[in-house]
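Structure record follows, encoded as structure tokens.
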Amino acid sequence: MTQTTTDSAHAAKAAKNMSVQTDNKSATPTTEQKLQWLRSMQLIREFENRTMQAYQQAKIGGFCHIYTGQEACAVGTIGAVNHDDPVVTAYRDHGHALARGMTPEACMAEMFGKIHGCAKGKGGSMHMFDKPNWLFGGHGIVGAQTPLGAGLAFAEKYKLEVMGEGKKKVTLCYLGDGAIDQGAFHEALNYVSVHDIPVIFIIENNGYSMGTAIKRHTANSDNLISRGQSYGINSIEIDGLDICHLYEQFKPFAEKCRESSRPGFVDLKTYRYQGHSMSDPQKYRTKDEVESFKEQDSIARLLSQLMDSGDMTEESWKELQSEIKAQVMGAMKFAEESPAPEANELYTDVYANPEKNLSPTTDFGHGLNNPLL
Ligand SMILES: Cc1ncc(C[n+]2csc(CCOP(=O)(O)OP(=O)(O)O)c2C)c(N)n1
Ligand SMILES: [Mg+2]
């Protein structure tokens with residue numbers, strides 16, 4: 001799917017939302033970064049609460065997967081790389097989109113199926129795309145984004161080493177624990193190791209693939225990094241519930257991948273508070289288990305650190321929460337009021353424009369005017 005006319009508008013507003021992607025070369029986060037992460041994680045949480053409400057009111061249709069509980073994963077890892085390092089992920093993607101700097105307006109309007117959504121409302125919850133913010137989806141087929149991550153990283157390496165353009169980049173490719181069993185993922189791991197491609201496969205290991213616990217779906221489930229190691233890839237386990245610790249581990253790891261042009265594999269341990277999707281009775285886990293993870297909540301943990309250090313007070317936290325609430329309510333209103341796409345949008349952004357000499361026409365236009373359709 002190609003980009004939208006709203007690109008520049010939401011790219012311009014992006015800086016406000018973006019998790020801090022600073023020039024801080026140190027692996028120790030600054031107070032400014034921590035405060036920005038708190039804002040970013042709380043924005044995702046509030047956004048997801050409103051998403052669930054809108055889904056229950058049938059304002060959002062189709063599949064919809066909630067990111068609540070996993071906020072530190074997207075915010076901490078995206079916050080450790082540069083804004084122009086490519087990111088690609090699976091269908092549980094609202095958190096990555098917001099952490100990358102997509103406006104809540106464009107993200108919510110996409111789910112409402114409206115024209116001002118990031119993909120003109122044609123992708124929906126699972127297909128958040130934002131080229132100006134270097135986000136290449138949102139993919140619904142489990143594991144499909146892993147060869148794409150390899151390709152995105154290869155393209156950047158090729159640009160630099162063959163065409164002499166650009167700079168050293170590292171690509172972040174997220175997948176769930178359920179996706180590690182896919183053949184395409186193993187092909188991607190093999191390829192990137194053989195060809196020295198700087199992509200990091202970040203397994204957001206929330207312990208479940210739909211209703212199947214990790215121990216029941218994958219061999220050697222308490223040693224996932226052996227998968228990466230068996231392909232000669234530098235691999236680490238990280239606690240994904242503690243954002244400061246996550247950043248301290250991930251930042252140098254990502255820089256090493258970038259500098260040495262080598263891939264990486266991260267088993268990022270996390271937990272989702274909601275069901276797999278909006279229609280999941282959750283019979284496969286106990287309430288006590290969910291509660292035990294809520295007690296380790298990543299937002300509460302960072303908040304208490306910031307309060308202990310005197311960088312946040314009860315009052316400033318309340319202010320931040322109401323500011324974010326208002327921001328998300330604004331996004332809901334924006335999504336409600338945005339028009340539905342015109343019928344002829346059905347024919348745009350479906351195929352790439354035909355290449356010269358591969359088209360029977362000299363007109364490379366698309367949509368209803370394209371005689372190839
Ligand atoms: C190739 C393929 N097989 C099955 C599905 C159905 N499916 C959708 S999500 C999912 C579970 C994936 O779990 P995981 O990778 O752990 O991600 P999580 O939902 O936990 O974020 C499955 C099996 C699919 N979308 N694609
Ligand atoms: Mg999972």
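Taking amide H positions as modeled 1.01 Å from N, with prolines and chain starts lacking one, the residues under 5 Å from Glu237 and 5 or more places away or on another chain are Asp267.
With neighbours defined as other Cβ atoms within 10 Å of a residue's Cβ, the residues Trp317, Trp134, Trp37 order from fewest to most as Trp317, Trp134, Trp37. Using only side-chain charges placed at the Cβ, +1 for Lys and Arg and -1 for Asp and Glu, the dipole size of the chain relative to its Cα centre rounds to 360 debye. Among Cys107, Cys64, sorting on how many other beta-carbon atoms sit within 10 Å of each Cβ, with the fewest leading, yields Cys64, Cys107.
When both bridge partners sit in the range 7-337, DSSP labels roughly 15% of those beta bridges antiparallel.
Here the chain is scanned for trypsin sites (Lys or Arg not before Pro) in DSSP loops (not H, G, I, E, B) that have at most 11 other Cβ atoms within 10 Å, and the longest stretch holding none of them is 26-166. Based on DSSP H runs of at least 4 residues, each adding -39500 (n - 2.57), what is the mean residue ellipticity at 222 nm of the chain after dividing by all its residues, to the nearest 500 deg cm²/dmol? After summing the helix terms and dividing by residue count, I get -13500 deg cm²/dmol.
In plain terms, the residue of Met41, Met126, Met329 with the fewest other Cβ atoms within 10 Å comes first and the most crowded comes last, giving Met329, Met126, Met41. Between the exposed loop cleavage positions of the chain, defined as GluC sites (Glu not before Pro) in a non-H, G, I, E, B DSSP state with at most 11 neighbouring beta-carbon atoms within 10 angstrom, the longest gap is 1-164. Using only the Cα atoms of the chain, each taken as one equal point scatterer with no solvent, compute I(q) by the Debye sum, divide by I(0), and report log10 of the ratio at q = 0.09, 0.11, 0.13, 0.14 Å⁻¹. Debye output, listed in q order: -0.50, -0.76, -1.07, -1.24. Positive contributions from Lys and Arg (+1) and negative ones from Asp and Glu (-1), summed over other residues with Cβ under 15 Å from the Cβ of Gly143, come out at -3. Taking every DSSP bridge with both residues inside the range 118-221, close to 40 percent are antiparallel. In order along the range 319-327, the Karplus-derived 3J(HN,Hα) couplings, from 6.51 cos²θ - 1.76 cosθ + 1.60 at θ = phi - 60°, round to 4, 4, 4, 6, 4, 5, 4, 5, 4 Hz, and Gly and Pro are given as x. Extension gain for the segment Ala155 to Asp308, taken as residue separation times 0.36 nm less the Cα-Cα distance, is 50.6 nm to one decimal. Phi angles across the range 91-105 convert, under the Karplus curve 6.51 cos²θ - 1.76 cosθ + 1.60 with θ = phi - 60°, into 3J(HN,Hα) values of 7, 8, 10, 5, x, 5, 4, 5, 5, 6, x, 5, 6, x, 4 Hz, Gly and Pro given as x.
The charge dipole of the range 160-223, taken about its Cα centre with unit charges on the Cβ atoms of Lys, Arg (+1), Asp and Glu (-1) only, comes to about 120 debye.
So for the chain, averaging the separation of alpha carbon pairs under 8 Å that are six or more residues apart and normalising by length, what relative contact order in percent results?
21 percent.
Segment Tyr284..Gln296, full-extension length gain: 2.2 nm, with 0.36 nm per residue of separation and the alpha-carbon distance subtracted.
Any read-out appearing in this document is the output of simple, stated calculations on the displayed coordinates, not a laboratory observation. The structure displayed is predicted, hence computed values, not measured ones. FYI the Cβ positions are ideal-geometry reconstructions off the backbone, even for glycines, and counts take in every protein chain you see.
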